[in-house]
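Trainee: One structure coming up, written as structure tokens, with questions to follow.
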Amino acid sequence: MNTLRQQVGDAWEKYSSLRQSLHDDLLRENERLTIERDAAQAALEAYNHNKFVLVLIDGDGMLFQDEQIAQGIDGGENTERDLRDAITTYFASQGAYTQADNVLMRVFANLKGLGGTYAGAGIIQGDSKFRDFVLGFNKSHKFSEYIDAGNSKEAADSKIKATTQLFINNAHCKHIVLGICHDSGYSGFIGEYIRTPSQDKITMLESVPFDFHLKKNAENFGKLRIDRVFRLRPLPSAGKTPRPQSIVVDAHSTRQRSVPNGMLDPDHTRIIFQDKDGHRIDTKISWDPQTLQQLYADPYFHKLCNSFYLCRNCEADNCGYRHDAQLDSNQLNALKCKARKTKCNFDTCWNANCTSGHTSPLKIQWEREIYAYNVDTRKRIPVDKEKLTQRSLYG
């Protein structure tokens with residue numbers, strides 16, 4: 001009997017010890033889980049309170065309204081507020097966004113070059129007003145920055161691409177808005193996000209029409225227009241300040257017939273070229289695909305008179321085409337390219353004022369100097385236009 005009592009006592013002691021040990025373990029586990037729960041809750045609260053929408057704008061091509069630029073500091077503040085309000089309103093209408101979400105805006109541009117462009121276009125007197133605009137934009141909100149990207153060709157591009165890559169997979173970044181509609185160099189970049197989880201995380205801002213090469217990829221993303229904030233047409237290039245106009249007025253009409261001096265075709269020479277077989281060929285031109293696409297897409301540039309802009313003068317008494325648009329040298333070259341896409345109907349044309357194409361501006365094989373209209377341009381012979389005009393087959 002004593003042995004049985006001893007065994008029961010030992011068993012009870014072990015049970016009590018084990019129960020206390022388990023109780024202590026449960027207390028420690030409960031304390032650990034409580035700490036982890038509190039930490040997770042704090043992290044979740046921090047996560048939810050630090051969500052943001054990132055707006056990245058290439059300021060070299062996505063331009064703000066002229067009147068705001070001209071107002072300096074006040075214009076910068078107004079522009080930042082209008083842009084922020086438009087972005088906030090747009091995303092507030094989407095179910096996944098709340099008023100607690102921040103909006104971070106970064107505009108990258110070559111500030112010195114852009115200021116000169118605004119001054120050259122007559123929008124401001126000197127670039128100090130543009131610097132004031134940037135100052136006003138930056139002081140308007142703690143999360144808004146107008147950043148000088150420097151004067152290298154791809155400066156703004158590289159910063160926008162790198163910033164997008166940095167934040168696209170950031171859990172705090174709920175969405176990225178890209179203002180890059182003017183530049184074909186972004187086409188391949190945004191193409192990388194098509195058919196990926198990031199596709200729905202990107203929205204494209206539009207001001208000027210989307211670049212021809214960019215448009216196809218851009219159609220895979222959401223689009224947003226804020227017309228009251230952005231300029232809807234590009235500015236003329238820096239240094240292209242309009243010069244005084246020389247206008248010829250017909251005695252029976254007040255229609256402008258001679259092109260303003262500031263818009264003369266820069267390649268309107270007194271030379272016509274022919275190849276080794278005597279076929280007329282057109283001089284090479286440097287044209288920008290984006291500007292060419294703009295001439296097709298923007299109603300402002302529809303129905304331009306080729307004779308007026310490319311030949312300095314339009315002789316038609318009742319010309320049905322426009323003479324009133326202001327074109328810079330890039331747009332003139334693009335217009336020339338557009339005109340040359342219509343092949344001349346004459347096999348032998350020596351009309352000095354013919355604006356149609358005798359050789360296509362779009363080469364099939366540049367390195368072999370063969371034009372799309374099958375004219376061999378490897379040997380060029382200059383011919384005086386004044387003499388050739390006398391041999392013209394048509395007026």
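Trainee: Kindly indicate the residue of the range 104-121 that is closer than 30 Å to GLN326 by Cβ and in contact with a Phe, Trp or Tyr (Cβ under 6 Å, 6 or more places away or on another chain) and also modelled with the highest pLDDT among those meeting that condition.
Mentor: Filtering the range 104-121 for residues closer than 30 Å to GLN326 by Cβ gives 107-121.
Filter again for in contact with a Phe, Trp or Tyr (Cβ under 6 Å, 6 or more places away or on another chain), leaving 107, 115, 118.
Numbers: VAL107: 98, GLY115: 91, TYR118: 90.
Across the range 104-121, the extreme among qualifying residues is VAL107.
Trainee: Has the range 73-92 got any residue that is assigned by TED's automatic domain parsing to the domain that holds ILE123, closer than 30 Å to ALA119 by Cβ, not in a helix (DSSP H, G or I) and not charged (D, E, K, R)? Talk me through it step by step, then tell me what you get.
Mentor: Taking the range 73-92 as the starting set, the residues that turn out to be assigned by TED's automatic domain parsing to the domain that holds ILE123 are 73-92.
Now narrow it down to the ones that are closer than 30 Å to ALA119 by Cβ: 73-87.
Subset that is not in a helix (DSSP H, G or I): none.
Checked the range 73-92: no residue is assigned by TED's automatic domain parsing to the domain that holds ILE123, closer than 30 Å to ALA119 by Cβ, not in a helix (DSSP H, G or I) and not charged (D, E, K, R).
Trainee: Can you name every residue in the range 20-69 that is acidic (Asp, Glu) and not assigned by TED's automatic domain parsing to the domain that holds LEU114?
Mentor: So the first thing to find is which residues in the range 20-69 are acidic (Asp, Glu), and the list is 24-25, 29, 31, 36, 38, 45, 58, 60, 66-67.
Within the range 20-69, ASP24, ASP25, GLU29, GLU31, GLU36, ASP38, GLU45 qualify.
Trainee: Okay, moving on. For residues in the range 222-231 being in contact (Cβ under 8 Å) with a residue 40 or more places away in the chain and in contact with a Ser or Thr (Cβ under 7 Å, 6 or more places away or on another chain), which is surrounded by the most Cβ atoms within 10 Å (Cβ to Cβ)?
Mentor: Filtering the range 222-231 down to residues in contact (Cβ under 8 Å) with a residue 40 or more places away in the chain leaves 224, 226, 228-231.
If we keep only those that are in contact with a Ser or Thr (Cβ under 7 Å, 6 or more places away or on another chain) too, we end up with 224, 229-231.
Working: LEU224: 17, VAL229: 22, PHE230: 20, ARG231: 18.
Ranking the qualifying residues of the range 222-231, first place goes to VAL229.
Trainee: Here is a further query. Whether any residue in the range 340-362 is of a type in the set (D, E, K, R), at pLDDT below 65 and part of a helix (DSSP H, G or I) is what I want to check. Outline the logic, then answer.
Mentor: From the range 340-362, those of a type in the set (D, E, K, R) are 340-341, 343, 347; that's our starting set.
Keeping just the survivors that are at pLDDT below 65 gives 347.
Next, only the ones that are part of a helix (DSSP H, G or I) stay: none.
Checked against the condition, which is being of a type in the set (D, E, K, R), at pLDDT below 65 and part of a helix (DSSP H, G or I), the range 340-362 yields no hits at all.
Trainee: A further question follows. Could you grab me the full set of residues in the range 79-105 that are free of Cβ contacts under 8 Å to residues at least 24 places away in the same chain and surrounded by 15 or more Cβ atoms within 10 Å (Cβ to Cβ)?
Mentor: Hit for the range 79-105 is THR88, nothing else.
Trainee: Name the single residue, out of those in the range 24-63 being among the small types (Gly, Ala, Ser) and closer than 29 Å to PHE230 by Cβ, that is surrounded by the most Cβ atoms within 10 Å (Cβ to Cβ).
Mentor: First pass over the range 24-63, keeping only residues among the small types (Gly, Ala, Ser): 39-40, 42-43, 46, 59, 61.
Filter once more, so that each one left must be closer than 29 Å to PHE230 by Cβ: 59, 61.
On the way: GLY59: 23, GLY61: 21.
Across the range 24-63, the extreme among qualifying residues is GLY59.
Trainee: Can you name every one of the helices (runs of 4 or more DSSP H) wholly within the range 106-220 that holds 1 or more residues which are touching a residue at least 40 places away in the same chain (Cβ under 8 Å) and either touching a strand residue (DSSP E or B) at 6+ places or on another chain (Cβ under 6 Å) or surrounded by fewer than 20 Cβ atoms within 10 Å (Cβ to Cβ) (or both)?
Mentor: On the way: elements: 111-120, 128-140, 155-167, 187-191, 212-218.
So the answer is 111-120, 128-140, 155-167, 212-218.
Trainee: A further question follows. Tell me, which residue of the range 122-145 that is touching a Lys or Arg at 6+ places or on another chain (Cβ under 8 Å) and under 14 Å from GLY72 (Cα atoms) is modelled with the highest pLDDT? Break it down into steps so the answer makes sense when it comes.
Mentor: Let us first name the residues in the range 122-145 that are touching a Lys or Arg at 6+ places or on another chain (Cβ under 8 Å), namely 127, 140-141, 144-145.
Right, trim to under 14 Å from GLY72 (Cα atoms) and you get 127, 140.
Numbers: ASP127: 84, SER140: 97.
The residue in question is SER140.
Trainee: Let me ask you something else. Considering only the range 163-186, I want to know if a residue exists there that is more than 24 Å from TYR90 (Cβ to Cβ) and either outside the structural domain of GLY116 (by TED's automatic domain parsing) or modelled with pLDDT under 95 (or both).
Mentor: yes
Trainee: While we're on this one: Does the range 104-114 include one or more residues that are of a type in the set (Gly, Ala, Ser) and either within 23 Å of the chain's Cα centre (by Cα) or under 30 Å from THR291 (Cβ atoms) (or both)?
Mentor: To start, the set of residues in the range 104-114 that are of a type in the set (Gly, Ala, Ser) comprises 109, 113.
Then keep just the ones that are either within 23 Å of the chain's Cα centre (by Cα) or under 30 Å from THR291 (Cβ atoms) (or both); that gives 109, 113.
Looking through the range 104-114, at least one residue is of a type in the set (Gly, Ala, Ser) and either within 23 Å of the chain's Cα centre (by Cα) or under 30 Å from THR291 (Cβ atoms) (or both).
The values are calculated or read from the model by the stated rules, or taken from the named source; none is laboratory data. Computed from a predicted model, the values in this text were never measured in an experiment. As a convention, Cβ positions derive from the backbone with ideal geometry for all residues, glycine included, and neighbour counts pool all protein chains shown.
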